[in-house]
1. Cut-off is 10 Å between beta-carbons; in what order do 151, 214, 141 appear when sorted fewest neighbours first?
2. Please check the chain for the longest run free of chymotrypsin sites (Phe, Trp or Tyr not before Pro) that are loop-located per DSSP (anything but H, G, I, E, B) and have at most 10 other Cβ atoms within 10 Å.
3. Hey, how much of the P(r) for region 174-218 falls beyond 13 Å, as a percent of Cα pairs?
4. Going by Cα centres, region 37-71 and region 178-218 are how many Å apart?
5. Based only on other Cβ atoms within 10 Å, what is the fewest-to-most ordering of 209, 120?
6. Provide Rg and Dmax in Å for region 28-103, with only Cα atoms included in the calculation.
7. Which GluC sites (Glu not before Pro) in region 105-208 sit in a loop by DSSP (not H, G, I, E or B) and have at most 13 other Cβ atoms within 10 Å of their own Cβ?
8. Just to be sure I understand the model, the point goes 7 Å from the Cα along the line to the Cβ. What's the resulting residue 5 to residue 97 distance in nm?
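Only the coordinates and a few stated rules stand behind these numbers; no lab work does. What you see is a predicted model, and the numbers here were worked out from it, not measured in a lab. Cβ placement follows ideal geometry from the backbone for every residue including glycine, while neighbour counts extend to all protein chains displayed.
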Amino acid sequence: MKNISSALFKGFTDEEYDELFACGGLREESYKKEDYIYMQGYKATDIGMIIEGSVNIQSTNYWGDTILLSQKKKGQIFAEAYALSGEDLLVDVVATEKTSVLFIKASCIFNCYKRARSWHEKIINNLLLISSKNNLALSERIFQTSYKKIRPKVSAYLSALAIKNKSNEFYIPFDRNELSDYLNVDRSALSRELMNMKKEGLIEYKKNHFILYRNLEN
């Protein structure tokens, strides 16, 4: 387990890993594609960290419409806000492929603090940093989906990725269905808009590989 690369364990020594694991409250679970790891209304007591695979964080309304909120991959964590706050989940966590998850009981973190564990300050600082980044990602998504029309949504999303990658050429983490869910638009309408932008010389793409152009002249 010491070889896991995760922001949650940033700065940990081997001895601190051993101390954390000795506290108990850890378990590893495996899931198949489309298995539900957490469901809306569930009270999560554990923080999940992905060892292998990936998951979608999504919300489904009363009528069965699903909105993709984010995707988590190897080394990333999920449900930390719910596990630490004790609030019921408002989202589903679904495996998108064969996935292994290490669950860490939130109570383990707090109870071990009473015994002045050396790793406690590190894991709290790491959780704060992760939560801050997650909040920024959520704000970014709200900005991207606040437009009424599809093209501004697509443009805002692709522009943000170009800035993050410091290049006009990059890969997006979603397939078309996932992207339409993420942007909260109809899949067919999204495909038409992407094709129109391609015809206008604004973008080139093949599957999830995109190239952006500043004007109509490639």
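1. Values: 151 13, 214 8, 141 19.
Going from sparsest to densest Cβ surroundings: 214, 151, 141.
2. By the stated rule (loop sites, at most 10 other Cβ atoms within 10 Å), 64-218.
3. Counting every Cα pair in region 174-218, those more than 13 Å apart make up 55 percent.
4. 27 Å
5. Lowest to highest Cβ neighbour count: 209, 120.
6. Looking at region 28-103, its Cα Rg and Dmax stand at 11.5, 33 Å.
7. Answer by residue number: 200.
8. That separation, rounded to one decimal, is 1.5 nm.
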